[in-house]
1. Suppose the chain between Thr453 and Lys198 were pulled fully straight at 0.36 nm per residue; how much longer would it get relative to their current alpha carbon spacing?
2. Just want to confirm a number: the relative contact order over the chain, from Cα pairs under 8 angstrom separated by 6+ residues, in percent.
3. Fully extended, how many nm does the chain gain between Val274 and Ser290 (0.36 nm per residue separation, minus their Cα-Cα distance)?
4. Whenever you get a sec, line up Tyr442, Tyr125, Tyr87 from highest to lowest accessible area (probe 1.4 Å, protein heavy atoms).
5. Roughly how many percent of the accessible protein surface of the chain is carbon and sulfur, given a 1.4 Å probe and a whole-percent answer?
6. Counting only the backbone N, which residues of segment 116-131 are under 20 Å from the spot 7 Å out from the Cα of Lys208 toward its beta-carbon?
7. Based on the Cβ-Cβ distance of Arg60 and Glu417, what FRET efficiency does E = 1/(1 + (r/R0)^6) give at R0 = 45 Å, to the nearest 0.05?
8. Quick check: with the 1.4 Å probe, what order do Met155, Met301, Met323 take by accessible area, largest first?
Amino acid sequence: MGFAKRLKKQIPADEALLQEAPSSASSDDPARKAWIDLKSQLRNELVDILDAGDLSEDTREQAFNKIKSAVIVIAGQRDLEISPHDYDRLANELVDEIKGLGPLEALIARDDIADIMVNGHDKVYIEVGGKVELSPIKFASDEQLLQICQRIVRMVGRRVDESSPICDARLLDGSRVNVIIPPLAINGPTLTIRKFRKDKLTIHDLVKFRSITPDAARLLQLIGRVRCNVLISGGTGSGKTTLLNCLTAFITHDERVVTCEDAAELQLQQDHVVSLETRPPNIEGGGQVSMADRVKNCLRMRPDRIIVGEVRGGEAFDLLQAMNTGHDGSMGTLHANNTRQALSRLESMIIASPAGSALPLRAIREMISSSVDIVVQASRLNDGRRVITAISEVTGMEEDVIVTQDLVKFQSQGRDENNKIIGHHLGTAITTPNFMNRAQQYGLGDQLLEVMTAINSI
Ligand SMILES: Nc1ncnc2c1ncn2[C@@H]1O[C@H](COP(=O)(O)OP(=O)(O)OP(=O)(O)O)[C@@H](O)[C@H]1O
Ligand SMILES: [Mg+2]
């Protein structure tokens, strides 16, 4: 039986991948049109020569070699004029379509893209330089897109279908992926990819991008060094994980750090790091290990610090317990619009958790105020720029209210001629930071004083 017939019989859905995706280039471009015609001619013939089963087991290089050899044979039989360079290009593009992520491959290869958002087969948005734009890339059909979604979730041993239409997964390069398909997604299969950045941004990059001033960056460095417990708050894609990663650079190399994340995004430079990642439920929906279970388990792993990628449920209670019981310098991120709201969200998470539901509100607030030292707010401004908009400290309780003080605050002052937001980071502390004692214990009291003086002089 020829490959085409076997393919139809065994994995009919994968055939959708063999269809041509409408090109991003203008169809008026004659060279581009000739290229597409050549590729589709070759593709039709390829299916009779190659074996799909073999290709699925092959590495990319093996698949490339097989496809290239097959293309050479077909070109010889059909008298097609193809240059040696074009053999490689053809084989590469055909591997992407048959084995890879089709039209997405071109976007995944681009380092300037932060997010890829696919809303059905004909709308692919990308975030470049903080701005979201519609890309010219399209899939041939929702069916082709669905097959690519299946291919992605298969990498984590899952599949998406009507009974289980949502799945988190990861690409081989570490990029984080969320897939949601109809009937939940009305516009067709919807795919969101947070591209993994190999060259993680550092605090120096953040200063260079004017996300933070050099003095405020030094303040963050001291906060990390003297082992304050830190929460990083912000909206989706505001730069929370990036900032958390920057803060981990200030952890000394003799500390044992345990990290808990849904998808391993942090890249700590220290040697003594144990990284725990979520195990998604298996195909039968079982076997999931919750974030709260992992954070609890961390406490038995003799950590010096615990770092939680994203706090959004019962693990809030366990993280605070860790912060309160000798694991100073622990950190986590959470979704909130400002630093006060971050504390309220933490409170709600604890109230909703099995361990915290029985506690009186005042006890919960006391627990928060005695555990969390600093809350840093990350924001994505509406001109696309990401900025650290506040560094606040928790100073204690006044009656039933948690008291905070802003050490640094970003104040916007309108827009410039390019419609970019103009703003400054201002020092807003009225008293010496609460963590001065701690800084002095680490021999860094003078430095903190110096940094606060510099910040407050603006
Ligand atoms: N200060 C910054 N300047 C420019 N780009 C940034 C900055 N901070 C983060 N980014 C980029 O923005 C994107 C989102 O960052 P990040 O993953 O840290 O956000 P997040 O708040 O953790 O998102 P999510 O809520 O989805 O977890 C990444 O591509 C990252 O490289
Ligand atoms: Mg994140």
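The values are calculated or read from the model by the stated rules, or taken from the named source; none is laboratory data. These figures come from a predicted structure and were not determined experimentally. Cβ atoms come from the backbone with ideal geometry, glycine included; neighbour counts cover every protein chain shown. Side chains are part of the model used for accessible areas, which takes the heavy atoms of the whole protein and leaves out ligands, DNA and RNA. Shrake-Rupley method; radii C 1.70, N 1.55, O 1.52, S 1.80 Å.
1. Additional length available on full extension: 88.2 nm.
2. About 11 percent, as a whole number.
3. Details: separation 16, 0.36 × 16 = 5.76 nm, distance 1.72 nm.
The Val274-Ser290 span can extend by a further 4.0 nm.
4. On the way: Tyr442 100, Tyr125 65, Tyr87 40 Å².
The ordering from most to least exposed comes out as Tyr442, Tyr125, Tyr87.
5. On the way: 10860 of 21750 Å².
Here carbon and sulfur together make up 50 percent of the probe-accessible area.
6. Backbone N within reach: 128-131.
7. Numbers: r = 47 Å, r/R0 = 1.05.
It comes to 0.40.
8. Working: Met155 85, Met301 40, Met323 5 Å².
Highest to lowest solvent-accessible surface, that is Met155, Met301, Met323.
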